[in-house]
Every structure is written in structure tokens, then in C-alpha cells.
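Below is one structure, written out as C-alpha cells; the observations come after it.
Each reported figure results from applying straightforward, stated rules to the coordinates on display, with no laboratory input. Computed from a predicted structure; not experimentally measured. Every residue, glycine among them, receives a Cβ derived from its backbone with ideal geometry; neighbour counts consider all protein chains shown.
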Amino acid sequence: MSINSLGLYNYWIYGFVLVIGLYAVLVKGNYVKRMIGLSIFQGAAFLLYITMDKIEGGTGPIFVTPPQPGDLFANPLPQVLILTAIVVGIAVTALGLAITIRIKEEYGTIEESEIREVDRQA
Amino acid sequence: MITVLGLFTLTFLVIAALATVQSRNLFVASMWFCIFSLMMAANFLILDAADVALTEAAVGAGVSTVLFMGALSLTAEHEHVRERSGWLPALVLGLLFAVLFAASFEQPRLGDPLAPVHQHVAPFYLSETPRLIDIPNVVTAILASFRGYDTLGEVLVVFTAGIGVLSVLSFSPKKNQQLSGEGVAERVRGVQHHAILRVAGKLIIPLLMLFALVVQFHGEYSPGGGFSAGALFAAAVMLYGILEGADRSAKAMPQDWMLRLAALGAMLYIGVGIVCMMLGGNFLDYSVLSSKPVAGQQLGILLVEFGVGLTVSTVLIMIFNAIANRSTY
Amino acid sequence: MSLVHHLPILVVLVPMFVAPLLAAVPSRGHLPWLIASLTSLMTFALAIGLTGQVLAHGTVTYELGGWPVPFGIGLAVSPLSALMLLVITGASLMALLWGPASMTSEVGHQHQSLLYASWLLALCGLSGIAVTGDAFNIFVFMEISSLASYVMVAAGPKRQALTATFKYLITGTVGATFYLIGVGYLYMMTGTLNVADMAVRLADVSSTMPVLIASGFILVGLALKAALFPMHAWMPNAYRFAPTPVAIFFAACSTKVALFVLIRFDFLILMPHLPGHADMLIGLLMPLSVAAMLVGSTVAIFERDLKRMLGYSSVAQIGYIVLAFSLLSTAGLTAAIVHIFNHGLIKGALFMAVGTLVLRTGTSRLDDLPGIGKTMPLTTLAFCLAGVSLIGVPLTAGFISKWYLISAVLEHGSLGLVLLGAILLSSLMAVVYIWKVVEVAYFRDPPAESGGGTPLGRREAPLGMMIVLWIVVGANFWFGLDTRLPLGLANMEAPLLMGGQR
């Protein structure tokens, strides 16, 4: 049984996680929940890229011993891209959380509906 | 064996995602998110992406969770249930999933060696790296040299987030506001009442820092590099802050010094590039840094990775301290 | 290696280098502003130099790290890129020169170094997008500029700035991630990230569904960033609550950069090789752009707050640009490119005028500004002239844009007549909302001076602001008469895009 038997399962899981994350972002009213949903949504994107890097019979792209012709290695490029994307993700998350903290201080709540109430009465 | 493992991690990934979104208690949601990240990291490992697994574990499961919890302790513990009517987004998202599902049948199967991504650019990197750069970790070679410009952009993103958090949280909270989350009656410093946690935790901190340094400088030979090392080092400081109290960690790593070091990290990266320009090459062309191009490449990679590690660690520490010390700001 | 050879990277490098330095320098008086302005000036000069190169030699390329494309990242400065650079660096410079008094009054003296450092990072990010030739690189620099802009918008004086920023952050990140996913699909099917290379390799791809999905994701992601209807909700509030100089900078350029990326992807990569993509563009983008034009203008008419009104007007203007390039013709592309340039001037001038009013009166609500034409005559006149350019009266830059747009639309027979009707209707609505301001400003009486005299008296604006404002208003008329620069670049670029080559 090889990894290839997983076939397209990765893609289906990625699709599912993407939709779950987006759902949280669009529908939930609590700001921190939405930030968590955003992180999940970004995670799905990572899964898509890394799924691409696997090659049947290959190993990680690190030459522990000098490479022989015919050795198979996983594709290093998606890994590089996602390393960058992960850090971008946490940068956005951190900033979003800082803003949420300030919103709590200014409005007393981090629920969308209650914030609108406060603004309407102001 | 690996198929079973892969199936398990993937399926559990979805379960964790669902649990995260559904939990009403936000601390529980954060923990589920941590599990989600760990499953993601495990999956990356199964897919032969060791560097990414390391970084995802450190950043997603480690730093992200701490930041979420820190923010939650300042905002709210429970989510209020007044959601907007969810049927339209659910419908659209369901359609989206159907489209993605249908498309998957035309995409290359997992592991297919004939897939386009394994032709063209990837074989070049794998075959030419020993000749041009001569470091074993091809991912680091691409990250720091072939696509070093992207990584520089990355460092700037992190730096921007750092000064952003400083800027946003620089406004002092209103004096009469009850800031701490529900249930915190008195100010407790760290986990001072839990002796086991303190002792065990303090044993881990120096090991973690050492591991971070290993990952940083050994990143050319093994999975690692600036990002994961920076996150690990920041995690060690965060652990100290959690155990001993955030004010102590802020005193150990003062904010203004963190800002300066973060700027230094970015300047180091840019500076290496500029020196390359002055020595006659293009921006970030390390080959001109030494009489032997390969040596120049290795020197350049060492320096810029250090810049990355410096900026990432200091910015994450800065953000943690800013959030964790909020009530005393 | 001469300076000229390095121009493409220098435009990005200069603000990049200064920003961390500026952030680490403690705020002292006007020093942060000074550093930021000088840096912006230098960047603008570099952009001009680069444009000269492009006009003389065509697309300029640069290999980063010395690695050949597609193994390394390559920059590719086309005529359109040069135009975008001029708009970006020009917008930054004019907003900075105009705004120190406004910034200080809205944000305060503390932490200005952090704010101006973010400004430079946004400048670096936007310029980086304009010059690069690598799809993933676009994502990285897009996030740099986006994060910097979230930081700046959040610094606005009212607390609604925070919620506006939060919505902006969520929308922007979803958009960026959609773009990332789209690029992922394209990479999956072609094996490369370089834009020119992708175009070539896409010809060999047989299975089209993933590529269609890629184009869908990229389209939606960039539409979110560009505030194209119906994904425009974040923009008017973000502009309303951001500090005014920030709003000027962004209104003049930031959404256009997303449109720039969209144009490149659509025309260079997707169109030549994806059957049915052209129909999707026409079928999807054209109705949306017409909706943007009409809905944006309609809401602007009823909006009581001047900054938000201008935000909705921008939604309409973005509709014009998208309509122009969805026509899929050389004339349409020319019109779109010219309007990207002119709109920067028009909106820049309008926001500056409103910002001047806000500085002196403390409010941007129209109802609170009766008779402002009499107490601040020069500023109000500037607003009216810029408004005239917005409507598209002959002799102004706005007229040039409308002229090219209408000629492009009329090439399409009966459909063209319908579109012409929409364009004329929305222009008429622009007349209405500009007239609203004129009516309040000139035909109502200013309130009687209250007994103690407010410190923010209704005097005319400070001299520095007025000079910059009037220079930009003057530029509206200059480029209404001498169109060689924007037109020259547009004419160089449009055939390249239509031919599907770089």
C-alpha cells in the first residue's frame, strides 16, 4: 500500500477545511472566532500547496548523502512558498488580535451585533 | 502504514476544524485550533515536508495558540450565540465545495511523478543546488538564495506586524475599564502557585533556546532555518512569561530593544543585498560576496537566515509582551 | 553596474531600507514626517527615471540574486508597470507633502515614527507589486502593503476606525488567500511561478477545470482587494475613518494596484490559452462594473458624510476602469490605463480638499458645513474644480478618460449604446452629488460666529496645504490638455496585453 492510494483524498480534505474556515469568517459574530476561522482557512491553502510536493517513492529534499541519479526527492518549491505563507498568516493573526483587544476596550464587546448597537446609540 | 497514518491525520484535521468552529467556549476553541495545527504539521511530515512541519508546529500550534489565549484573556471567554442567518453563506460555500470536489478529478493524483510541478523548475533546484550552492537542505537554498527576495518580503511582513501591534496597542486602556477576562479576581503572577509547572517549565526553557539556535545555524543541513528558529526562540521566552509572569518577561526582553533588534534583522537582510549590488552583482546575488561563488552563496545564506531569525523572534516576543502586559500598559 | 541598471529594484529598495530605521527612531516633532517625505521624493524621482527607461526601451527586466528566470525571481517593468509606479509614488508624495498638519491633528504626536514607517512599507509593497514578474512575489508584497495599510487605517481618530480596520483586515486577508489558492492551482498545472513563463506553459495544459478554478479564485481575490462591486463594502468606511493623509494615499492608488494585477493575469496568462475565459470576463465583469458605476454613484448621492461619499464615488470609478478593460479591445485597455492615471489625480485632489475642510472645521459631515464656500473660498473652489474633473467636463483629465471610455464602448454596436447610457447616467449622478456640495457651500449662510470663537476657526487652510492642493488641481487641467505621458504609456501597453505577450 503506498501513499498513492490516498489519491485525491487530500484535495477533498483541503476543500472541506477551506469551506469550514470561510464559514466561520462569514457567519460568526464573535471577532476572535472569526480570526480563528481565518487561520483555519489559511491552513487549507497550505494543505493544497504541500499536497503538490509529494512524489511517489521520494524523500524529503535534504541531501543527507550526496544524491545519486535516480534518487527521488519531494518538490522543495511549495515548501518554500508555504514557509513564507505561514509566517504571513501569523503576522495577520497577531495584528487582527491586537485590533480585537482594542475594540473590546473601546466598545466593551467583541460581538458584531452588539458593536453595531453601541455605534447606533452613540 | 503511511497510508493509514495519512488518512488518520487528514480526517482528524477536519474533525478538529469542525470542533474549533463549533465550540462556544473560546478557550476550548483555541485548544482545538492547536490540535488542528498539530495535525496539519503531522500531515506535512507525512508529505515529506519537514521544514514546513517544524515551522507549522512552532508557529501554528505554539505561538498562535498563545496569542489567541492571550487575546481571549483580555476580551471574552464565551461566544454569544446571536449569529447572522447562515443559510446563504452555507449555500454558497456548499457550491464552492462541490466545484472544488469536481475539479479534483482533473488534478494530478497525490505523488504522481509525472505531474507538472515535478518537471521544469523543481528538477533544476534538486540537481543544481549541489553545484551552485552546495548545501544539503534544498529548501533553505531556495528560500534564502534562489527566491531570497520573497523571504525578504516575508521579513518585512513580520516587521510590519510588529510595529502594527505596537502602534495599535500603544494607546492606553481607559482607566475605569474592567480589562481582565471574567473570573480573574486578583492579580496572579504567572503560575506561581503551581510548583511542578514552574520547575518543569524552567528546565525546558534553556533546552528550547538551545534547540532554537541549533535549528537556526544548522538549517542548511537539516530542516530548519530562520523562521522556525525565530518562532522556537520566541516560544521559549513566552514560556518564561507564562511561568513567571509577563512583566518579568517584558523586563528581560524590553520592548524598545526588541524593536531595535527587529529593525536590525531587516536591515541585515537588506544590507547583504545592497553589499552585493555594490560589489557588482544584482540585488541579493551572493556569488559576488567571495572569490569563490559557492562560498559567497553560503556566506550570504548564513547572514540572511540570521537576519530572518532575529527579526522573527524579536517581533513575536514583542507582540507577546504587548498583549500579555496589556492591563499594565 | 550602473544606477540605471538597478532602477527597477531601487524603486522598491529605497522605502524598504528607510522604514525599519524610521520605526526604531523615537518620534520627535516633525522628523518622522520629514524622513518619510524625503524618501517618497527620492522614490518618485526613481520612478520617473524608470519610466524614461521604459519609454525608450520597452519592458525593463531585472534578475534578483542573479538567477535566471524562472528559477529565480525576476522583475519585469512594462509600460503599465511604469504608469502604476508613477501613480503610486506620486500619490504617496502628494499625500505626504499635503498632510503633516492634518496627520498631527488626527493622530497626535506620539508614535508618528511607527505610522510613517508603515507608510513607507506600504509604498514599498505597492511598488513591489508594480515591478515584479513573479506570481508568488505579488502575494508577498501585496501582504506587505495590506498589513501596513491596516496599521495606518487603525490609527484613525475615532473608535470606528478599529471596526473598519477589522473588516478591512478580514476582507483583505480572505482576498489575498484566494489569490494564493488561485496561484497554487496555476502552479499545479504549469509547474512555474513566473508570469511570462506561465503564459507559455499554460498552452500545453489539457485539463481546463483546475485552471478555470484558478482564474475564478484569482478573480475573486483581486476583486475583493480592488473593492469591485459587490465586494466593496470595506472601502468607504475604511476611507472615512482612516487619518486623512492615509485616505488620500490609498484612494489615489491602492485599489488600482489590485486591478493592475488582474489585468496582467487576465490578458497575459489566462485569455490566450483558456477558451471561454474571454466570455467569462465579459459575462461576469461587465455587469458587475455597470452595477458598480450605478450603485456607487447612487449611494454617493444620498451619503451625508463627504469622505464616505468620495469612497462610494471611487466604487463607481473602479467600475469605469473594469468596464473599460472588460471590453477586451485595445481601445478599452487604453481607456482603462489612462483612467487609472487620471483617477489618481482626481480623487487625490478631492480628498485633499475635503481633508483641508476637516482640518479647519473638525467635521466632514456636509450638514455641518453650510456656507463653507464663503469662509474657505480657495479650498471649496479647489473641490469644485476637482469635481468638475470627476464629472468629465472638457479641458480636464476626467474628460480625457470619459472620451476614451466612450469611444471604446461605441465600438460594440448596440451593447455599446446600452453601456453608453450607463456611463452618461452615472456621470449625471456625479453632477448631482458634486452639486449637493456646491449648494451647501455657496448657497447657504455660514453660522453666526459664536461668542468665544472656537480655536479651530473657519479660516482658510495653511499655506503648505493650499499649495499642494492647487498643484494637484492644476495637474488635472494640465493632463486634460497634454496627454502625452499617460497616453504614451497606454498606447505602448495595450497592444502588448492584447497580443498576450510581455
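Hey, if you put +1 on the Cβ of every Lys and Arg and -1 on every Asp and Glu Cβ in segment C:113-256, which of C:222, C:139, C:245 ends up farthest toward the positive end of that dipole?
The listed residue farthest towards the positive side: C:245.
If you place +1 on the Cβ of every Lys and Arg, -1 on the Cβ of every Asp and Glu, and leave all else neutral, what size is the dipole of the protein assembly as shown about its Cα centre, to the nearest 20 Debye?
Working: 48 positive and 49 negative charges, 427 e Å.
I would put it at about 2060 debye.
Rounded, prolate or oblate: which one fits segment C:290-380, using the alpha carbon gyration tensor with axes a ≥ b ≥ c (rounded when a/c is under 1.5, else prolate when a/b beats b/c, else oblate)? Numbers along the way, then the final one.
Details: a/c = 3.90, a/b = 2.06, b/c = 1.89.
Because a/c hits 1.5 or more and a/b exceeds b/c, segment C:290-380 counts as prolate.
Based on the Cβ-Cβ distance of residue B:11 and residue B:88, what FRET efficiency does E = 1/(1 + (r/R0)^6) give at R0 = 22 Å, to the nearest 0.05?
FRET efficiency, residue B:11 to residue B:88: 0.15.
Write down Rg/Rh for the protein assembly as shown, rounded to two decimals, with Rg from the C-alpha atoms and Rh from the Kirkwood relation over Cα pairs.
Values: Rg = 26.9 Å, Rh = 28.2 Å.
Checking Rg against Rh, the ratio lands at 0.95.
Under the rule of -39500 (n - 2.57) per DSSP H run of 4 or more residues, summed and divided by the residues of the protein assembly as shown, what mean residue ellipticity at 222 nm is obtained, to the nearest 500 deg cm²/dmol?
Working: 38 runs with 675 residues, N = 953.
Estimated from H runs of four or more residues: -24000 deg cm²/dmol.
Rounded, prolate or oblate: which fits segment A:36-99 when a ≥ b ≥ c are the square roots of the eigenvalues of the alpha-carbon gyration tensor, with rounded for a/c under 1.5 and prolate only if a/b beats b/c? Each step should come with its number before you reach the end.
Working: a/c = 5.17, a/b = 2.68, b/c = 1.93.
Here segment A:36-99 falls in the prolate category.
Just counting partner chain Cβ atoms within 10 Å, what average do the residues of peptide C:181-194 show around their Cβ? Walk me through the numbers before you get to the answer.
On the way: counts 9, 0, 3, 11, 5, 0, 9, 10, 6, 5, 12, 7, 5, 1.
Shielding by partners across C:181-194 averages 6.
Based on DSSP, what percent of beta bridges with both residues in the protein assembly as shown are antiparallel, to the nearest 5?
Details: 10 of 12 bridges.
About 85 percent, rounded to the nearest 5.
Extent of segment C:284-502 along each principal axis, from alpha carbon coordinates, in Å, largest to smallest?
For segment C:284-502, the Cα spread along each principal axis is 68, 31, 25 Å.
Using the Cα centre as the reference, give the magnitude of the dipole from point charges on the C-beta atoms of segment C:231-351 (Lys, Arg: +1; Asp, Glu: -1; all else neutral), rounded to the nearest 20 debye. Walk me through the intermediate numbers first.
Working: 7 positive and 4 negative charges, 72 e Å.
With only Lys, Arg, Asp and Glu charged at Cβ, the dipole is about 340 debye.
Could you identify which residue out of B:290, B:30, B:127 has the top mean-square fluctuation in a GNM of chain B using Cα springs shorter than 10 Å?
B:127
Under a point-charge model restricted to the Cβ atoms of Lys and Arg (+1) and Asp and Glu (-1), what is the dipole moment magnitude of segment C:284-502 relative to its Cα centre, in debye to the nearest 20? The partial results should precede the final answer.
Numbers: 14 positive and 11 negative charges, 44 e Å.
Computed charge dipole of segment C:284-502: roughly 220 debye.
To one decimal place, what orientation-averaged projected area in nm² is obtained for the convex hull of the Cα set of chain A? Intermediate results must be reported in sequence, preceding the final value.
Values: hull surface 39.5 nm².
Result: a mean projected hull area of 9.9 nm².
Positive end of the charge dipole of the protein assembly as shown (Lys, Arg +1 and Asp, Glu -1 on Cβ, about the Cα centre): tell me which of C:469, C:426, C:16 has its Cα farthest that way.
Of the options given, the answer is C:469.
Fully extended, how many nm does the chain gain between residue C:104 and residue C:291 (0.36 nm per residue separation, minus their Cα-Cα distance)? All intermediate terms of the calculation are to be shown ahead of the outcome.
Numbers: separation 187, 0.36 × 187 = 67.32 nm, distance 3.81 nm.
Full extension of this stretch gives 63.5 nm more.
Could you name the lysines in cross-link range of residue C:374, using Cα to Cα under 28 Å and dropping any fewer than eight places away on the same chain?
Reachable lysines: C:307, C:347, C:436.
Subtract the Cα-Cα distance of residue C:442 and residue C:284 from 0.36 nm times their separation in residues, and report this length gain in nm to one decimal.
52.6 nm
Answer rounded, prolate or oblate for segment B:143-329, using the Cα gyration tensor with square roots of eigenvalues a ≥ b ≥ c: rounded when a/c is under 1.5, else prolate when a/b is larger than b/c, else oblate. Mind showing how you got there, number by number?
Details: a/c = 3.78, a/b = 1.88, b/c = 2.01.
Oblate, because a/c is 1.5 or more while a/b does not exceed b/c.
Which whole number gives the average, over all residues in C:314-326, of C-beta atoms from other chains lying within 10 Å of the residue C-beta?
Working: counts 0, 0, 0, 0, 0, 0, 0, 0, 0, 0, 0, 0, 0.
Average per residue, whole number: 0.
Evaluate E = 1/(1 + (r/R0)^6) for residue C:3 and residue C:302, where r is the Cβ-Cβ distance and R0 equals 45 Å; express this FRET efficiency to the nearest 0.05. All intermediate terms of the calculation are to be shown ahead of the outcome.
Values: r = 52 Å, r/R0 = 1.16.
So, using R0 = 45 Å, E works out to roughly 0.30.
Using only the alpha-carbon atoms of chain C as identical scatterers, what base-10 log of I(q)/I(0) does the Debye formula give at q = 0.09, 0.10 Å⁻¹?
These q points yield log10 I(q)/I(0) values of -0.57, -0.71.
With the crude spin-label approximation of a point 7 Å out along Cα→Cβ, what separation in nm comes out for residue B:170 versus residue B:4?
Placing both labels 7 Å along Cα→Cβ, they lie 5.7 nm apart.
Quick one: in segment B:211-251, what % of C-alpha pairs are over 15 Å apart?
So the portion of pairs separated by more than 15 Å is 44 percent.
Near residue A:33, which lysines are there with a Cα under 18 Å away, not counting those fewer than 8 places off in the same chain?
A:104, C:167
Give me the aspartates and glutamates in straight-line cross-link reach of residue A:54: C-alpha distance below 15 Å, same-chain residues under 8 apart excluded.
Answer for residue A:54, where 15 Å is the Cα cut-off: A:71, B:48, B:51, B:112, listed by chain and number.
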